[in-house]
Amino acid sequence: MVEKEKQKDPRENILYLAWIASVISMFGSLYFSEIRDFVPCNLCWYQRILMYPFVIILGIAVIRKDYQIAFYTMILSGIGGLVSIYHYSMQKIPTLFETSHACGPVSCTGSYINWLGFITIPLLALIGFTIIFTCSLIVWRKTKEMNK
């Protein structure tokens with residue numbers, strides 16, 4: 001008798017991708033602050049506060065195959081994405097740049113990096129939050145479909 005090969009749940013890989021994005025984002029921010037000695041501004045700290053827990057939360061979710069976590073990670077990554085969009089806008093939109101107040105010892109309008117003229121640290125954070133949000137949304141929708 002030939003056994004059917006057990007199908008791997010596609011949500012597992014998608015959740016794993018979200019976890020990988022959070023790990024890369026965390027180590028990327030630590031690289032900039034600890035190795036390159038870039039002092040984070042207040043908005044960078046808020047983005048870190050929202051990003052770093054994903055490493056643990058999504059890591060546990062991947063191990064336990066807990067797909068219900070996607071709803072919460074979707075909300076938190078959405079909030080982090082909004083903070084990143086605001087921060088990036090402060091750096092790139094002249095009106096916001098000129099009217100923004102100092103947000104701490106380091107200005108939130110400054111850019112330590114400006115690769116290709118548009119890639120800054122807040123944009124890199126936004127990419128991480130977007131990957132986590134998209135993966136979480138897909139897992140959440142698939143979980144809802146399977147529970148019907």
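The values are calculated or read from the model by the stated rules, or taken from the named source; none is laboratory data. Please read these numbers as outputs of a predicted model, since none were measured by experiment. Glycine also receives a Cβ, built like all others from the backbone with ideal geometry; neighbour counts cover every protein chain displayed.
A few points about this structure:
- Residue among Ser107, Ser111, Ser29 that is part of a helix (DSSP H, G or I), of a type in the set (S, T, N, Q) and surrounded by 14 or more Cβ atoms within 10 Å (Cβ to Cβ): Ser29
- Just one of the numbered conditions (1) at pLDDT below 95; (2) surrounded by fewer than 14 Cβ atoms within 10 Å (Cβ to Cβ); (3) in contact with a helix residue (DSSP H, G or I) (Cβ under 7 Å, 6 or more places away or on another chain) is not true of Lys65: (1).
- Subset of the range 32-68 (residues that are closer than 17 Å to Ala125 by Cα, in a helix (DSSP H, G or I) and either touching a strand residue (DSSP E or B) at 6+ places or on another chain (Cβ under 7 Å) or among the β-branched types (Val, Ile, Thr) (or both)): Ile49, Val55
- Any hit, the range 24-34, residues being within 26 Å of Val139 (Cα to Cα) and among the aliphatic types (A, V, I, L, M): yes
- Boolean, Pro10 is touching a residue at least 12 places away in the same chain (Cβ under 8 Å), within 17 Å of Ile131 (Cβ to Cβ) and either loosely packed, with under 12 Cβ neighbours inside 10 Å or in contact with a Pro (Cβ under 7 Å, 6 or more places away or on another chain) (or both): yes
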